[in-house]
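The numbers here are math on the coordinates, done by the rules we state, and not lab data. Since this is a predicted model, take the numbers as computed values, not measurements. Using ideal geometry, Cβ is built from the backbone for each residue, glycine included, and neighbour counts are taken over all protein chains shown.
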There are 2 protein chains.
Amino acid sequence: MTTDPATGPGSPSGAGAGSDVAAADFASGSLSDALSDALSDLIRDLGEGARLPPERELAERLGVSRGALRDRLRLLEGFGVLSRRQGSGTYVRRLAPQGLEFALDLALSASHLSIESLHSVRVALERQAAREAARKGDPVAIGHVGKALADMEAAATAEDIDRADFAFHQALLHATGNAALTFFADAMTGVLFRAVRQRRDRLKTHPRDKELSLAAHRPLYEALLAGDEDAAGQASDDHFQVWHDLFTQPEMQRP
Amino acid sequence: MTTDPATGPGSPSGAGAGSDVAAADFASGSLSDALSDALSDLIRDLGEGARLPPERELAERLGVSRGALRDRLRLLEGFGVLSRRQGSGTYVRRLAPQGLEFALDLALSASHLSIESLHSVRVALERQAAREAARKGDPVAIGHVGKALADMEAAATAEDIDRADFAFHQALLHATGNAALTFFADAMTGVLFRAVRQRRDRLKTHPRDKELSLAAHRPLYEALLAGDEDAAGQASDDHFQVWHDLFTQPEMQRP
DNA sequence: TTCCGGCAAGTGGTACGACCAATCGCGCCG
DNA sequence: CGGCGCGATTGGTCGTACCACTTGCCGGAA
């Protein structure tokens, strides 16, 4: 099956087997080859948590080599759509932000993206999250936000504050019940926490101040409790003002 | 969290060559294996547009097989960080939204994400974009926005309106000069335009109304011209209100 | 000299087969 | 009855070979 005699003007070569991958393509980006699409369909049909056929079997069924199949699987794994465990199998899972976070990290350190621009995205997302969380008003989820605030109050070190801060926003996001918002904001938050900490270390300034942090976060929490959408959005924006001067300081170039 | 040193008896076996990939890992997600990190470093060091060494050579230099290397390259290509051209080479490029768009499309059709939640993210990003574009006030870029508005005015078919609508938001995003914002919003816009069109077709309702579209977009353009940040943000939010009832209609399940 | 065509080397894309490593299940033994 | 170990399964990697495409060089023709 390797080489079909005619140096095909039509179908390339290989894959001659009963491959049934369709040739659907539209403006979904350069990743939409037939094989990826076939896999996407498969993942769609199997539900979340389902296990895919073994690579060897799946490769045969799709009429491609195992290596080519693994290429695409790796890609989907990178996006967090698949989870592969050696010795066990490949499973479908919810979209996870790790892949995006990885890409953003890389883009950030390669200077394709600036902290400032990422921060601006985060501000927009968090504002929306605050509004939606307030509108939804889930008492349990908002309770978790309060818990994080209490942790911040009890924090002893700068790292503890950071941790509580992170948890606060994590809880806020989950209080929206909005999967897409959570997905994006999770990725942003992870990247920015690392980046900001680095920058803070470099600048040797802006040690976390507990009172300042509390003053910034508490109004947001109270707006959530009150279910006041506008106030929550405003409080979120206000709370990010603290970061503003950190970003407007003179830049330090990468060494 | 990822690797606890206890398990490893050292480097496994194969690849006996003098691999020098470092073992750096922190909370960057499950994608941070040594090989990916080494590649990330390489990409960081080479600049944008640079060409990577041939796969065969790079594989040898990193002490892995070509297949394993290709796995990671594929991943980075998926994120839009690399571009590979058969016969030519592998090149570093700016982070491109196609990969994210692909993943979102998949997550959307697999029902991991809802149109509504994606839309909510887009609203947040567009509002931010409108504000930043107004603040920046780049006359040339804003001119492109006006051009798209004129195209919308001249549109004859629903598809023409869609195209102009798309161009309008594209121009708006680029008028911010914010790479991260553009990256995310580009991906969202692509996914949502396709999804909304599908839903509109299924519901057999909401044919694009040119006057309505113009009425929604013009105030935003005028706010940009005026450089009024608040008005631009508000106009952006208002302009999305048009979509609201499309999403609150009774759902249709996938067939 | 200039231009064009074709050949050859380089490079990514894929295939196949083999083996390693982790996991899981079944059956044996205590 | 329960724990343990062996073997089958499955993903992870390696190596080799070949195909398809790109690029650039070189020689012949205008």
Rg over Rh, two decimals, region A:111-255 (C-alpha only, Kirkwood Rh): 0.96
Once the label point is set 7 Å along the Cα-to-beta-carbon vector, what list of distances in nm do you get between B:Arg56 and its counterparts in the other copies? 2.9
Take peptide B:119-130, look around each residue's Cβ out to 10 angstrom, count Cβ atoms belonging to other protein chains, and average those counts. 5
In the neighbourhood of A:Gly233 defined by beta carbon distances under 12 Å, the net charge of the other residues (Lys, Arg +1; Asp, Glu -1) is -4
Picking from B:His217, B:Phe168, B:Ala158, whose Cα lies most toward the positive end of the charge dipole for region B:143-233 (charges on Cβ: Lys, Arg +1; Asp, Glu -1)? B:Ala158
For region B:123-236, what relative contact order do you get, as a whole percent, if you take Cα pairs closer than 8 Å and at least 6 residues apart? 45
For B:Leu203, A:Leu76, ascending order of other Cβ atoms within 10 Å (fewest first) is B:Leu203, A:Leu76
Working only with C-alpha atoms, what are the Rg and Dmax values of region A:83-177, expressed in angstrom? 16.8, 45
Mind checking the mean number of beta-carbon atoms from other chains within 10 Å of the Cβ atoms in A:90-103? 5
Using the crude model of +1 on Lys and Arg Cβ and -1 on Asp and Glu Cβ, and no other charge, please compute the dipole size for region B:54-144 relative to its Cα centre, in debye to 20. 280
Cα extents of region B:136-198 per principal axis, largest first, Å, are 33, 25, 8
Are there trypsin sites (Lys or Arg not before Pro) in region A:185-237 that DSSP marks as loop and that have at most 15 other Cβ atoms within 10 Å, and which are they? A:Lys204
Region A:42-133: Cα Rg divided by the 2.2 N^0.38 Å rule of thumb: 1.43
In terms of Cα to Cα distance under 22 Å, which lysines are near enough to B:Lys210, apart from those fewer than 8 places away along the same chain? B:Lys147
For A:Asp201 and B:Glu57, FRET efficiency with R0 = 45 Å and r from the beta-carbon atoms, rounded to 0.05? 0.75
With all distinct Cα pairs included, what does the Kirkwood hydrodynamic radius of region A:30-84 come out to in Å, to one decimal, could you say? 11.3
Averaged over B:210-221, how many beta carbons belonging to a partner chain fall within 10 Å of each residue's beta carbon? 0
Suppose R0 equals 60 Å. What FRET efficiency, 1/(1 + (r/R0)^6) with r the Cβ-Cβ distance, do B:Ala156 and A:Leu214 give to the nearest 0.05? 0.55
Can you give the extra length, in nm with one decimal, that the chain gains between B:Arg84 and B:Glu222 once fully stretched, where that is 0.36 nm per residue apart less the Cα-Cα distance? 45.5 nm
Output, in nm with one decimal and in ascending order, the distances from the B:Ser88 label point to the matching label points of the other copies (7 Å from Cα along Cα-to-Cβ). 4.1
